[in-house]
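A short worksheet on the structure shown next.
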Amino acid sequence: MPSTPKKVAPPAVAQVPSNALAAEVFTPDYWQDACKHLVKKDRVMKRLIPQFGNACLQTRGDAFTTLARSIVGQQISVKSAQSVWTRLTALPSSMTPANVLKLKVDDMRAAGLSARKVEYLVDLALNFDAGSVHVKAWEEMPDEDIIAELIAIRGIGRWTAEMFLIFHLMRPNVLPLDDVGLIKGISDNYFSGDPVSRSDAREVAAAWAPYCSVATWYIWRSLDPLPVAA
């Protein structure tokens, strides 16, 4: 199980909606140990990690918002996902299941959500509002058990579940092989831009364990230096 996250001060400039700024910000206390391990074991990490100073994974601790944001980000670029998310979170007074269920479909579509993503977001809100997801139990559950529960929710596949493990629960050793950014980042940083297979990615990530989540975060930063908040 991961170490208990510790509270830290929020960054001076947070790239999140204004209605989320009041939430407490957490970062994992394994981060420094992970960076030391990765710098020692991996030549690319030795180059990448110093480029980003004290920046690290952060979460605001809200399970629904994290999953909603992951749904919004499916199959689109980080920049596009941020744009849609900013417009979407301007619609309700706060991003809660009850408030999402009050939104009009036309307004959500106008914010940039596809018809399918509107359906997924509503279904997610219904599951949370009805209490059919076991939020309090997730902290103690193994990664694969959490993934199995999450993918039972309509619109949540393995990629979305893995994003939840990384950005909300801050599990240290998640390797999201279905993530386009991770595969592109491995291609750019390890294979001079040549195509990369899942097998290639696993081989590279063998040196990252038990901190694949941390290495993945730095690979993402190599493509887009601005961290996306959960």
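The values are calculated or read from the model by the stated rules, or taken from the named source; none is laboratory data. Model, not experiment: these values are computed from the prediction. Cβ sites come from the backbone with ideal geometry, for glycine too, and all protein chains shown count toward neighbours. These area figures cover heavy atoms from the full protein model, side chains too; ligands, DNA and RNA do not enter into them. Shrake-Rupley method; radii C 1.70, N 1.55, O 1.52, S 1.80 Å.
As a summary of the residue check, residue 206 satisfies the conditions (1) surrounded by fewer than 19 Cβ atoms within 10 Å (Cβ to Cβ); (2) within 29 Å of residue 97 (Cα to Cα); (3) of a type in the set (A, V, I, L, M) except for the one numbered (2). Restricting to region 174-187, what's the tally of residues that are open to solvent by less than 70 Å² (accessible area, probe 1.4 Å) and at pLDDT 95 or above? The total comes to 9. Any residue at all in region 202-217 that is within 11 Å of the chain's Cα centre (by Cα), under 19 Å from residue 34 (Cα atoms), assigned to a helix (DSSP H, G or I) and at pLDDT below 95? No: region 202-217 contains no residue that is within 11 Å of the chain's Cα centre (by Cα), under 19 Å from residue 34 (Cα atoms), assigned to a helix (DSSP H, G or I) and at pLDDT below 95. Here is the figure for region 26-36: residues that are under 15 Å from residue 57 (Cβ atoms) and not in a loop (DSSP other than H, G, I, E, B) total 7. Within the bounds of region 142-151, is there any residue that is part of a helix (DSSP H, G or I), in contact with a strand residue (DSSP E or B) (Cβ under 9 Å, 6 or more places away or on another chain) and either modelled with pLDDT under 95 or small (Gly, Ala, Ser) (or both)? Within region 142-151, not a single residue is part of a helix (DSSP H, G or I), in contact with a strand residue (DSSP E or B) (Cβ under 9 Å, 6 or more places away or on another chain) and either modelled with pLDDT under 95 or small (Gly, Ala, Ser) (or both). Here the helices (runs of 4 or more DSSP H) wholly within region 72-124 that include at least 3 residues being more than 19 Å from residue 155 (Cα to Cα) are 78-89, 105-110. Would you confirm whether or not region 164-171 contains a residue that is open to solvent by 50 Å² or more (accessible area, probe 1.4 Å) and assigned to a helix (DSSP H, G or I)? For region 164-171, residues open to solvent by 50 Å² or more (accessible area, probe 1.4 Å) and assigned to a helix (DSSP H, G or I): absent. Of the residues making up region 172-201, those that are assigned to a loop (DSSP other than H, G, I, E, B) and under 25 Å from residue 149 (Cα atoms) are 172, 173, 174, 175, 176, 177, 178, 179.
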